[in-house]
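What follows is a set of notes on a single structure, which appears directly below.
The values are calculated or read from the model by the stated rules, or taken from the named source; none is laboratory data. For clarity, every value in this text was computed on a predicted model and none was experimentally measured. Because the Cβ atoms are built from the backbone with ideal geometry, glycine has one as well, and the counts that use them run over all protein chains shown. For the accessible areas, the whole protein counts, side chains as well, though only heavy atoms, and no ligand, DNA or RNA atoms are used. Shrake-Rupley method; radii C 1.70, N 1.55, O 1.52, S 1.80 Å.
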Amino acid sequence: MKHIVILISGRGSNMEAIVQACAAGGWPARIAAVISNRPDAAGLAFAQAHGVPTAVVDHKAFGKGDAARVAFDAELQRVIDGFSPDLVVLAGFMRILTPGFTAHYAGRMLNIHPSLLPAFPGLHTHQRAIEAGCRVAGATVHFVTAELDHGPIVAQAVVPVLDGDDEAALAARVLRLEHRMYPSAVRWFVEGQLAVEGARVRHAAGEPQMFS
Ligand code: NHR
Ligand code: GAR
């Protein structure tokens, strides 16, 4: 039985999708914990209601600056490793992670980013895609490396950008696909089906890694 630890910062709807898909059965894994850097993250209540252990590591308690980031990451790593994770899943987790932390979880940490990487790394992706006149937008599941939003790509989901879309409309269209794609990608990892070949990640049995 593999152990999955999910990190959130807010709503946690991707975490919910993963918890529910895992509970529905057939996964060689269980959700060992949901951890938030914000004590008020709405997703914590869902996890507790579903019997998933939760923890909070509040980044604000560590102050500001580079030394604070290193200290926060050290404590976060200590708490995560208490659950013996095989996989760490970032699901709307909003703190940039230091190189020591990403090295510790190299090859066993996934993120979902709401753009078609390598376009629009960083924040405010939907607004930036609309302002750039993009006809498609989407989301990317990737392995986390030290370089923000640049790790090997596990899967991508693509949606149209429609005339009149605002940030909220586009984000909602993308989110529906995130909720299909992320549970699939996490399941593939715990089943041992993913092979990383440079920047490219291959599913051993050829599952489609594009969602639309
Ligand atoms: N850390 C590393 N090293 N590599 C990645 O690929 C990471 C990461 C940490 C988080 C998620 C990411 C996203 O998918 C992620 C990927 C937060 C920020 C950010 O600027 C950027 C990207 C992502 C998450 N955070 C601000 C910070 O100063 C805080 C913003 C806030 O608290 O609202 O850390 O988009
Ligand atoms: C999702 O759209 C996710 O892709 C994005 O935030 C939303 C989180 O929603 N992630 C980031 O922007 C990471 N910087 P959720 O909390 O309901 O899963």
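All but one of (1) within 12 Å of ligand 1 (Cβ to nearest atom); (2) open to solvent by 20 Å² or more (accessible area, probe 1.4 Å); (3) among the acidic types (Asp, Glu) hold for GLU131; state the number of the condition that does not hold.
(1)
Kindly provide the set of residues from the range 133-147 that are of a type in the set (A, V, I, L, M) and either under 15 Å from LEU87 (Cβ atoms) or within 13 Å of ligand 2 (Cβ to nearest atom) (or both), ordered by number.
ALA137, ALA139, VAL141, VAL144
Restricting attention to the range 101-117, report how many residues are over 20 Å from GLU197 (Cβ atoms) and in contact with a helix residue (DSSP H, G or I) (Cβ under 7 Å, 6 or more places away or on another chain).
5
Scan the range 170-190 residue by residue and report those that are open to solvent by 70 Å² or more (accessible area, probe 1.4 Å) and either at pLDDT below 95 or farther than 25 Å from GLY122 by Cβ (or both).
ARG187
Within the range 117-175, track down each residue that is of a type outside the set (Gly, Ala, Ser), part of a strand (DSSP E or B) and within 27 Å of THR98 (Cβ to Cβ).
Of everything in the range 117-175, those that are of a type outside the set (Gly, Ala, Ser), part of a strand (DSSP E or B) and within 27 Å of THR98 (Cβ to Cβ) turn out to be THR140, VAL141, HIS142, PHE143, ILE153, VAL154, GLN156.
Pairs needed: first member in the range 79-96, open to solvent by 30 Å² or more (accessible area, probe 1.4 Å); second member anywhere, among the small types (Gly, Ala, Ser); C-beta distance under 6 Å; at least 6 residues apart or different chains.
Qualifying pairs under 6 Å: PHE83/ALA32; PHE83/ALA33; GLY92/SER9; GLY92/GLY10; MET94/SER9.
Among the residues of the range 8-19, are any acidic (Asp, Glu) and under 23 Å from PHE189 (Cα atoms)?
yes
How many of the residues in the range 148-168 are over 21 Å from GLY192 (Cβ atoms) and more than 13 Å from ligand 2 (Cβ to nearest atom)?
Residues meeting the conditions: 9.
Answer with yes or no whether HIS203 is open to solvent by less than 60 Å² (accessible area, probe 1.4 Å) and more than 16 Å from ligand 2 (Cβ to nearest atom).
Yes.
May I ask you to list the residues in the range 96-116 that are under 20 Å from LEU175 (Cβ atoms) and more than 9 Å from ligand 1 (Cβ to nearest atom)?
LEU110, LEU116, listed by residue number.
Does GLU167 satisfy the condition of being more than 23 Å from SER13 (Cα to Cα) and open to solvent by 50 Å² or more (accessible area, probe 1.4 Å)?
no
Restricting the range 26-56 to residues that are of a type in the set (Gly, Ala, Ser), open to solvent by 30 Å² or more (accessible area, probe 1.4 Å) and more than 15 Å from ligand 2 (Cβ to nearest atom), which is nearest to PRO183 (Cα to Cα)?
It comes out as GLY26.
When the range 144-164 is examined, which residues are found to be surrounded by fewer than 16 Cβ atoms within 10 Å (Cβ to Cβ) and more than 16 Å from ligand 1 (Cβ to nearest atom)?
Residues satisfying the conditions are VAL158, PRO160, LEU162, ASP163, GLY164.
For HIS104, are the conditions met, namely being more than 10 Å from ligand 2 (Cβ to nearest atom), open to solvent by 20 Å² or more (accessible area, probe 1.4 Å) and not aromatic (Phe, Trp, Tyr)?
Yes; evaluated as a whole, the condition is true for this residue.
Pairs, please: C-beta under 7 Å, at least 6 apart or cross-chain, first residue under 12 Å from LEU76 (Cα atoms) and in the range 44-64, second exposed (fewer than 13 other Cβ atoms within 10 Å of the Cβ) and of a type outside the set (Asp, Glu)?
VAL56/PRO39; ASP58/PRO39
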